[in-house]
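J.: The structure under discussion is supplied below as structure tokens; questions concerning it will follow.
Just so it is clear, none of the values below were taken in a lab; they were calculated from the coordinates. The model shown is predicted, which means the values in this text are computed figures rather than measured ones. So basically every Cβ, Gly included, is an ideal-geometry build from the backbone, and we count neighbours across all protein chains shown.
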Amino acid sequence: MLAAGAGRRFGSLKQVAELDGAPLLQHAVDAMLAVPALDPVLVVLGAQAERVRAAVRLERARVAVCEGWEEGLAASLRCGAQAAGDADWIVVTLGDQPFITPQVIAMVLDEAVAGPGTLAVRATYSGEPGHPVALGRALLPAVMELRGDAGARDLLTGPGVKMVEAGHLCRPDDVDVPDQLEALRP
């Protein structure tokens, strides 16, 4: 799970911003921890890592601190891929998507391990690409070459990449600015 940014657009450290009585990041951590097949669960932190760590119940999740977090999403992905060691698959979620459910995460992982020749699996919402994303070991060398703030987007096209519709299982709301967080409150 990627949660290393400083929340510049948000105006403060959004990982610890409250939603339904818990830090925003807690919702994403809880969803990952609820998928028994994910072991270990790895949370990539960066900006104010100790403050985030103190605010979120990580339980069995491990933390990797991305020292180069200011570079953007690619640095967080590289950090997570490196920390995953020899894992056959890594499942990438974002710490600012509080409504991604364990069911969607499990579905993406199930699709990833279901058939030979699959390099990656990406959840879609009404056909629009989103998260979670599962990246197979064969793609990890390319992940280690990523730079900037674009993430793995360019790796998630072509043969070997499965798209699976997830809109029936959750809402893909993403929180980048305070108004988006406010819109999620009951």
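J.: I'd like to compare 98-108, 50-60: which one has the highest average count of other Cβ atoms within 10 Å, and what's the full order after that? Mind dumping the intermediate values first?
T.: Values: 98-108: 21.2, 50-60: 14.5.
Top to bottom by mean Cβ count within 10 Å: 98-108, 50-60.
J.: Karplus couplings for the range 162-171 from phi (6.51 cos²θ - 1.76 cosθ + 1.60, θ = phi - 60°), rounded to Hz, Gly and Pro as x?
T.: Whole-Hz 3J(HN,Hα) from phi for the range 162-171: 9, 10, 10, 6, 10, x, 7, 10, 5, 9.
J.: How many angstrom separate the Cα center of the range 45-93 from the Cα center of the range 149-186?
T.: Between the Cα centres of the range 45-93 and the range 149-186 lies a distance of 18 Å.
J.: Can you tell me which of 89-96, 165-172 comes out highest on packing, and rank the rest after it, using the mean Cβ neighbours within 10 Å? Mind showing how you got there, number by number?
T.: Values: 89-96: 23.2, 165-172: 16.4.
So the peptides 89-96, 165-172, ranked by packing, come out 89-96, 165-172.
J.: Could you run the Karplus curve 6.51 cos²θ - 1.76 cosθ + 1.60 with θ = phi - 60° over the range 121-129 and give me ³J(HN,Hα) per residue in whole Hz, x for Gly and Pro?
T.: For the range 121-129, the Karplus-derived couplings read 9, 10, 6, 10, 10, 6, x, 8, x Hz, x marking Gly and Pro.
J.: Per the Kirkwood definition applied to all pairs of different Cα atoms, how many angstroms is the hydrodynamic radius of the chain? List each step's numbers first, then the result.
T.: Numbers: mean 1/r = 0.0611 Å⁻¹.
Taking every pair of different Cα atoms in the chain, averaging 1/r and inverting gives 16.4 Å.
J.: Just for the chain, what percent of DSSP beta bridges are antiparallel, to the closest 5? Walk me through the intermediate numbers first.
T.: Working: 11 of 23 bridges.
The antiparallel proportion sits near 50 percent.
J.: To continue, here is another question. Using only DSSP helix segments of four residues or longer, with each worth -39500 (n - 2.57), what per-residue ellipticity at 222 nm results for the chain after dividing by its residue count and rounding to 500? Before the final figure, lay out each step's value.
T.: Working: 6 runs with 52 residues, N = 186.
Only helices count here, giving -8000 deg cm²/dmol.
J.: A further question follows. Given an 8 Å cut-off on Cα distances and at least 6 residues of separation, report the relative contact order of the chain as a percent.
T.: Details: 355 pairs, mean separation 46.2, N = 186.
Answer for the chain is 25 percent.
J.: Roughly what angle does helix 24-33 make with the longest principal axis of the chain, taking Cα atoms, 0 to 90 degrees, to the nearest 10?
T.: In the chain, helix 24-33 runs at an angle near 40 degrees to the longest axis.
J.: Mind giving me the nanometre distance, one decimal, between the label points for Arg147 and Asp20, set 7 Å out from Cα along Cα→Cβ?
T.: Each label point is offset 7 Å from its Cα along the Cβ direction, giving 4.1 nm.
J.: Hey, what angle do you get for helix 73-83 against the long axis of the chain, alpha-carbon based, 0 to 90 degrees rounded to 10?
T.: The two axes meet at around 70 degrees.
J.: Another question, if that's okay. Isolated Cys in the chain by the 4.7 Å beta carbon test?
T.: Cys170
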